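No lab work stands behind these numbers, since they all come straight from the coordinates. A quick note: this is a predicted structure, and the numbers were derived from the prediction, not measured. Every residue, glycine among them, receives a Cβ derived from its backbone with ideal geometry; neighbour counts consider all protein chains shown.
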Ligand SMILES: [Zn+2]
């Protein structure tokens, strides 16, 4: 198999006959001696070869000509797309089946040329990462890129992997005290290499939302399973609530800010903050904050061990906001040591209330901060941001106050 | 002529990539609406314009049924390939003498007509290099694939197509032959043989639409696919008609070449010509704002429609699919209400000479232009010969244009499902347990005492195991054979013959019971209607007493009319032999009794 490489047209001689096709890369976890080729009829098959012979070397890569022309038009707004990776920012190479990240504005527009009729698109690729690999330092980098882009565009769209998109949305929400343009995060639950992908409608809608006067960080994703509209979620209220559905993103304990139909028509359900004259960024994050899911039987050493080196922690407690009453003394000690401990609920829906049961009352008395209907992940990001930018007392006070729409007093049945 | 076959057979397992039942369902419990985004160059070249027209802004409504889950809705990744379906596919491949690939890779085949919620059909190549021997010779079977069935189209309404998810995901075996067959009878034989092999697995779905055949026919130029040619007996007719059509197109091409025919680009607006027309179709179209547009076809006179040539029908066919009904051509006009005077005006405007002809279309302006562009393309191809296309079979043996042949399949790997290694041991295990080939089964059945023809029918219908089981338990081979060959496939024959064996009715009643069961009546109820508790002796006694005079008058000769009366009363509920024995006995008693007294 010397000098035969992936992409070459080869002949594979086996016990079952001779097969001709393009040699494909072997998957990472392939165990044995199998070679994979793409036959002329388009099918891939795995074969145990007796011999592989080269028929024709692969053609030198000719880059496919992109049909999209990017021309600047002064009559339409300019939207910046800041790529971070994820399903939405990939496209398929049909000849090999490989999925490539979108690297340029042209890549984004290749399958969705209509968008360029509605906005001048500028783009930069900041990261190309799976969203589970995101971390606070990347949120900061992203925030700085947003600030820069805000100076030269009318709106910002951030394609993002869906797994941790709501964390990033929260982080940006807190970091920007003021925004002069809308910041819209968008993802897709079906990869854009398939005709049924939600990427097109989500991206198209997010560009349209980025042209509004919403001065907040929002997430635009499918509203339902049908391709008829998207919701505009407030960045501090949204959570991924399903592993795979298109409508996985829900505004929890709150209505979405609004919805956008396929024709671009936007209906608002709530008041939103209008864009400011300028953009102000506070971009520090204290990473020594834990998010801790309490479960029955959790050993107290684990609880204490996790919190030991932390400046603060958000607990996802049971029900209205509880952990085992055996933890009360331990909590008291930690608060005394200067840790900020906030309580949210693993129920996700509803507000914590630590007055109803004795354990709640005792925890509260021990110094745990009740965080109302704030989402656990939002509280976690918020505490990191507060500890990064404010002193201890300020952080403690601001944690329990609504500053970016992350908490509300009223919740409704319908 | 070269013919090939492609056979699709649904399997009777759970669905291929989820655990839903493989059945059709009328229990619609919800719906979603989706859009598919075709990527570039997924369409054939010939009438790209038409396709684009029809695809643009199309919406698909999917009806959710009790046998569909998030997988069919494209809201959850596919589960692993159904192993039972895979085993059946391997069985079929081995019975077709194919080699099984060492590792199966599931692919996504792009399909943008909405019939798959994902926009692609998942398919995997299982076996290669198979063959089947026929009385005409060997036919190669290069590929045997396992794939998922598409959603069921319920209706198409302008830009909205409604599909139901019940059928989506049912496992399908796809068997493709090489174009090795030379006539319709051979195609029919191959289709029948492959069908019998499929049914020998006893794991295929039965009933309308569960097996579909596509025939490929080429006479040296374009390849024509007749899609959904499911009636075996019609196959020779469809093939013959298609061969004739292709020969006709070749002859037309020769004529057009000789004449130096030319399709002109200009589209003329001829609406004014028809200001006062008697043609209802044209008048109606003009009234609602449409236009009459026309093109000149230089050198086409006579080939559009005369005794042997029918090119006009081909031109009408390609625009019928985009909803154009008002197409007329020079060879059929004057006619259909179009006057000679109007034709004269057209000739003048288009500057037509002797050999020239024309096509006109009455339609909304844009649609009419698009349609005429398509007609021009088709007319240009007719100067070369037979275009490759997909056609639908009709019951009269002819076919009609459906769409251009799909371009080469655009396939890429299904990354959500890992490849499946097929070991030699696994293949060997399946090989050891292969069902007998249909020919052997036919011999088995003949040896059980039925005719070759019945044995063939029973094996062809896949009812051989049912037959064998009943006959081994209860006997009656010829009666069982007749019941099965006359009856339908989904009734419980065993229950019927068990009851017969237990004497619950006489074998004369079998035909009636099978017929009624096939019409949906409950078998147990039918059987209980044959009440053997009727006292046979009592009925005979009664009739013999009533007809005493007759017996005395005619003696033993009274048997025949009396037998008729008794059987009428019993309505086949009792075995005729038994009745005749008892009746003779009674008559004799009567005769003897009377002579004694
Ligand atoms: Zn399912």
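Taking the DSSP beta bridges in the protein assembly as shown as the whole, what percent of them are antiparallel, to the nearest 5?
Details: 122 of 160 bridges.
Roughly 75 percent of the DSSP beta bridges within the protein assembly as shown come out antiparallel.
If you count, for every residue in B:26-37, the Cβ atoms of partner chains within 10 Å of its Cβ, what is the mean? Provide the component values of the computation, followed by the final result.
Values: counts 0, 0, 0, 0, 1, 2, 6, 5, 9, 9, 6, 11.
Partner-chain Cβ atoms within 10 Å, mean over residues of B:26-37: 4.
Which value, in nm² and rounded to one decimal, describes the direction-averaged projected area of the C-alpha convex hull of chain A? Spell out each step's value before the answer.
Values: hull surface 100.5 nm².
For the Cα atoms of chain A, the hull's average projected area reads 25.1 nm².
Could you put B:99, B:568 in order, starting from the residue whose Cβ has the fewest other Cβ atoms within 10 Å? All intermediate terms of the calculation are to be shown ahead of the outcome.
Values: B:99 17, B:568 10.
In order of increasing Cβ crowding within 10 Å: B:568, B:99.
What's the center-to-center distance, using Cα atoms, between the range B:277-348 and the range A:130-205 in Å?
Result: 58 Å between the Cα centres.
Tell me the angle of helix A:199-209 to the major Cα principal axis of chain A, expressed in degrees between 0 and 90 and rounded to the nearest ten.
Its long axis makes an angle of about 50 degrees.
Among B:206, B:34, B:288, B:298, what is the fewest-to-most ranking by other Cβ atoms within 10 Å? Walk me through the intermediate numbers first.
Details: B:206 14, B:34 24, B:288 7, B:298 20.
Exposure proxy ranking, most exposed first: B:288, B:206, B:298, B:34.
Take the Cβ-Cβ distance between residue A:304 and residue A:6 as r, set R0 to 45 Å, and report the resulting FRET efficiency rounded to the nearest 0.05.
On the way: r = 53 Å, r/R0 = 1.17.
Once rounded, the FRET efficiency stands at 0.30.
What does the highest-first list of B:425-434, B:378-387, B:76-85, B:18-27 look like by mean Cβ count within 10 Å? Walk me through the numbers on the way to the answer.
Values: B:425-434: 12.2, B:378-387: 20.4, B:76-85: 17.3, B:18-27: 15.8.
Going from most to least packed, we get B:378-387, B:76-85, B:18-27, B:425-434.
Please report the spacing between the Cα centers of the range A:313-389 and the range B:500-531 in Å, no decimals.
For the range A:313-389 versus the range B:500-531, the Cα centre distance is 75 Å.
Based on other C-beta atoms within 10 Å, arrange B:102, B:355, B:269 from fewest to most. Intermediate results must be reported in sequence, preceding the final value.
Values: B:102 24, B:355 17, B:269 14.
The most exposed by this proxy come first: B:269, B:355, B:102.
Would you calculate, for chain B, the mean residue ellipticity at 222 nm contributed by helices, counting each DSSP H stretch of 4 or more residues as -39,500 (n - 2.57) and dividing by all residues, to the nearest 500? Display every interim value, and only then the final one.
Values: 20 runs with 234 residues, N = 597.
After summing the helix terms and dividing by the residues of chain B, the value is -12000 deg cm²/dmol.
Based on the Kirkwood radius over alpha-carbon pairs, what is the Stokes-Einstein translational diffusion coefficient of chain B at 10 °C with 1.306 mPa s viscosity, in µm²/s?
Working: Rh = 29.0 Å.
The calculation lands on 55 µm²/s.
From other protein chains only, count the Cβ atoms within 10 Å of every residue's Cβ in A:188-200, then give the mean.
Values: counts 0, 2, 6, 2, 2, 7, 11, 17, 14, 5, 3, 1, 3.
If you average over the peptide's residues, the count of other-chain Cβ atoms is 6.
In a solvent-free Debye calculation with one equal scatterer on each Cα, what is log10 I(q)/I(0) for the range A:149-243 at q = 0.19 Å⁻¹, listed in the order of the q values?
Debye curve over Cα of the range A:149-243, log10 I(q)/I(0) at q = 0.19 Å⁻¹: -0.84.
Within 10 Å of each Cβ of B:122-131, how many other protein chain Cβ atoms are there on average?
Values: counts 0, 2, 3, 6, 2, 1, 8, 4, 0, 0.
Partner-chain Cβ atoms within 10 Å, mean over residues of B:122-131: 3.
Where does the range A:262-413 land on Rg/Rh, using Cα atoms and the Kirkwood Rh? All intermediate terms of the calculation are to be shown ahead of the outcome.
Numbers: Rg = 17.0 Å, Rh = 16.5 Å.
Rg/Rh for the range A:262-413 comes to 1.03.
For the range A:8-61, build the convex hull from the C-alpha positions and give me its volume per residue in Å³. Intermediate values should be presented prior to the final figure.
Details: hull volume 4.5 nm³, N = 54.
It is 84 Å³ per residue.
Report the Stokes-Einstein translational diffusion coefficient (µm² s⁻¹, integer) for the range B:262-382, Rh taken as the Kirkwood radius over Cα pairs, at 20 °C with viscosity 1.002 mPa s.
Details: Rh = 14.0 Å.
Taking Rh from Cα pairs, D becomes 153 µm²/s.
Of the beta bridges DSSP finds with both residues in the range A:289-413, what % are antiparallel, to the nearest 5? Mind dumping the intermediate values first?
Details: 1 of 14 bridges.
In the range A:289-413, DSSP labels about 5 percent of beta bridges as antiparallel.
In percent, how large is the relative contact order of the range B:2-254, given Cα pairs closer than 8 Å and 6 or more residues apart? It would help to have the intermediate numbers written out before the result.
Values: 524 pairs, mean separation 69.4, N = 253.
Computed over the range B:2-254, the figure is 27 percent.
Can you compute the modelled spin-label distance between residue B:427 and residue B:160, with each label point 7 Å from Cα toward Cβ, in nm?
Placing both labels 7 Å along Cα→Cβ, they lie 5.1 nm apart.
Relative to the longest principal axis of chain B, what angle (0 to 90°, nearest 10) does the C-alpha long axis of helix B:576-596 take?
Helix B:576-596 and the main axis of chain B meet at about 30 degrees.
Please give the peptides B:120-133, A:300-313 ranked by average Cβ packing (other Cβ atoms within 10 Å per residue), highest first, as a rough proxy for protection. Working shown, then result.
On the way: B:120-133: 21.1, A:300-313: 15.6.
Answer by packing, highest mean first, reads B:120-133, A:300-313.
Determine the relative contact order of the range B:316-455: mean sequence separation of Cα pairs under 8 Å and six or more apart, normalised by residue count, in whole percent.
On the way: 84 pairs, mean separation 28.2, N = 140.
It rounds to 20 percent for the range B:316-455.
Determine the relative contact order of chain B: mean sequence separation of Cα pairs under 8 Å and six or more apart, normalised by residue count, in whole percent. Intermediate results must be reported in sequence, preceding the final value.
Values: 1085 pairs, mean separation 85.2, N = 597.
Here the relative contact order equals 14 percent.
In degrees, nearest 10, range 0 to 90: what is the angle between the Cα axis of helix B:365-382 and the longest Cα principal axis of chain B?
Computed tilt is about 80 degrees.
Taking only the alpha carbons of the range A:265-308, what extent do you get along each of the three principal axes, in Å, biggest first?
Extents along the principal axes: 52, 28, 14 Å.
Give me the orientation-averaged projected area of the Cα convex hull of the protein assembly as shown, in nm², one decimal. Don't skip to the answer; put the middle values down first.
Numbers: hull surface 247.1 nm².
The orientation-averaged projected area of the Cα hull of the protein assembly as shown comes to 61.8 nm².
Going by average Cβ neighbours within 10 Å, how do the peptides A:152-161, B:511-520, B:493-502 rank, with the highest at the top?
Details: A:152-161: 24.3, B:511-520: 16.2, B:493-502: 18.1.
With the highest mean Cβ count within 10 Å placed first, the list reads A:152-161, B:493-502, B:511-520.
With r as the distance between the Cβ atoms of residue B:548 and residue B:492 and R0 = 41 Å, compute the FRET efficiency 1/(1 + (r/R0)^6) and round to 0.05. Walk me through the numbers before you get to the answer.
Details: r = 46 Å, r/R0 = 1.11.
For residue B:492 and residue B:548, the calculated efficiency is 0.35.
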